[in-house]
Amino acid sequence: MILTYGGTQTMGDFIQTGILPIDKHLGGLRKHSFVLVEHEPEVEGEYLSIQVARNVIENSIVIVVLTSMIPTKFKEKIINIQTSEETSRAKLKEAIDNNLIIIDGYSALVGAERTEGTFYVENPSDINSWIEQINNALKEAESRNSLENTFIVIPYFSVIIDISDEKSGIDLMKYLREVSSKVFSVIIAIGKWPYTEKFWEKVRSLGFDVIIEVSRYIYKLREYRYFRIKYCSWRDSRKISQSKYLFRVEIPGPGFTVYIPKVVITGPYNSGKSTFVSTISKSSVSVDFMGTTVALDFGILSIGGISAHVFGTPGQERFDEILSYLAKEALGVILIVDSTRPETFERAREMLEKLYLKDVPIVVAANKQDLEGALPPEKVRELLKLPRGIPVVPTVAYDRNSVFRVFEKLYEIISQSSGGYP
């Protein structure tokens, strides 16, 4: 019987993956879905599949096929992905011990000792040896009365192709396509190595339900990595495939998260900027004098599958040069206003005029909505004379969920503008 941790989860036809764009635009992963993650070499695309395994393991059986690390190393990696303050390491370890089934195809490759409690692939170059152990793992999952609540994840499928051949790799994928009709989802990650064009044609003909591309680009001598949803069988792919999502991998830490390298938090004096930054950040620094920021707030955000570096600027006019400098290379700006003090909106409009010149995505946070006399977002929009494309989000700066909704809205705008990156 499957053991659940962190609350009961109803599977239904979809499950949330913890990867924000997948959950928001696809509704999560659909039951019996066959998922391909195709990634450029050395961009850590395999971690997307590992992150999904980590995020669902508290409520699902996860069969992981290992081709590049020993089982103990993989368990250590999963335990070090801490996505929620509500899940202790002890509970996560218990979930891994009870819900993780490992097929070890790596130890035989390197001559390592067999790990007790795993399904061991004795001949990794023989595709039938892999199929045999996957079948054994499925029987184990079924014995726990949860075959339809089972995920199969193969983070480094390319290794199987490399030690056998392209035809064997295709044959194994065909088998996994059939298996996907029995389990909740099968996810495989393949590096875009120089396999033959015929191989890739056959891969595309296998009927994947979701195809996710992971790649990179260079901007101002810095490398950024992104992913995009190229295809989904139950959504209109023409629209969702246009958005590209920056990501980063941090282990130990939150793992694979969508990423905003630079967000500027600004607004008039005493609008709640420092509280906003400190509420959402796992670490933050503020330079202030008598309770007022006189230089910069800086924080590192990690919540709800989003990570970001955030910079808060002082609200006084003498610091406008700092605002202009930071906004020049920011991917997004959050303007915080005190919705109980409309007399500060003139200053907010001055700051907006400077930001319009930078052509950067902007979200307005109508803060202090919990206080008496707070203006509703519609009135804030009217008084600020905002263009239609700038959203106003009701906010309470000391509430994490409230602040997260602001970042979620900003990330949505960034991902839809200019392909989601500079």
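Mind telling me which of the residues 237, 205 ends up being surrounded by fewer than 17 Cβ atoms within 10 Å (Cβ to Cβ), modelled with pLDDT of 90 or more and in the same structural domain as residue 76 (by TED's automatic domain parsing)?
Going through 237, 205 in turn, the sole match is 205.
With (1) under 30 Å from residue 317 (Cβ atoms); (2) buried (at least 22 other Cβ atoms within 10 Å of the Cβ) as the list, and residue 255 as the residue in question, which single condition is left unmet?
So the condition that residue 255 fails would be (1).
Working only within region 149-189, note down all residues that are of a type in the set (S, T, N, Q), outside any helix (DSSP H, G or I) and closer than 24 Å to residue 55 by Cβ.
The answer is 150, 180, 181, 185.
Could you list all residues from region 123-146 that are outside any helix (DSSP H, G or I) and at pLDDT 95 or above?
123, 124, 125, 126, listed by residue number.
What pairs come out if I take residues in region 370-382 that are within 14 Å of residue 395 (Cα to Cα) and pair them with residues that are hydrophobic (A, V, I, L, M, F, W, C) and in a loop (DSSP other than H, G, I, E, B) whose C-beta lies under 7 Å away, six or more apart or interchain?
370/396
Using the structure shown, decide if residue 387 is modelled with pLDDT under 95 and either closer than 17 Å to residue 267 by Cβ or in the same structural domain as residue 310 (by TED's automatic domain parsing) (or both).
So residue 387 passes the test.
Go through the residues of region 257-268 one by one and say whether even a single one is part of a strand (DSSP E or B) and of a type in the set (Phe, Trp, Tyr).
yes
Any residue in region 125-143 that is outside the structural domain of residue 109 (by TED's automatic domain parsing) and closer than 12 Å to residue 105 by Cα sitting within a Cβ distance under 6 Å of a residue that is of a type outside the set (D, E, K, R) and surrounded by 15 or more Cβ atoms within 10 Å (Cβ to Cβ)? List the pairs, counting only those 6 or more apart or interchain.
none
The values are calculated or read from the model by the stated rules, or taken from the named source; none is laboratory data. Given the structure is predicted, the values throughout are model-derived calculations rather than measurements. When we count neighbours, we look across all protein chains shown, and the Cβ atoms used for this are built from the backbone with ideal geometry, even at glycine.
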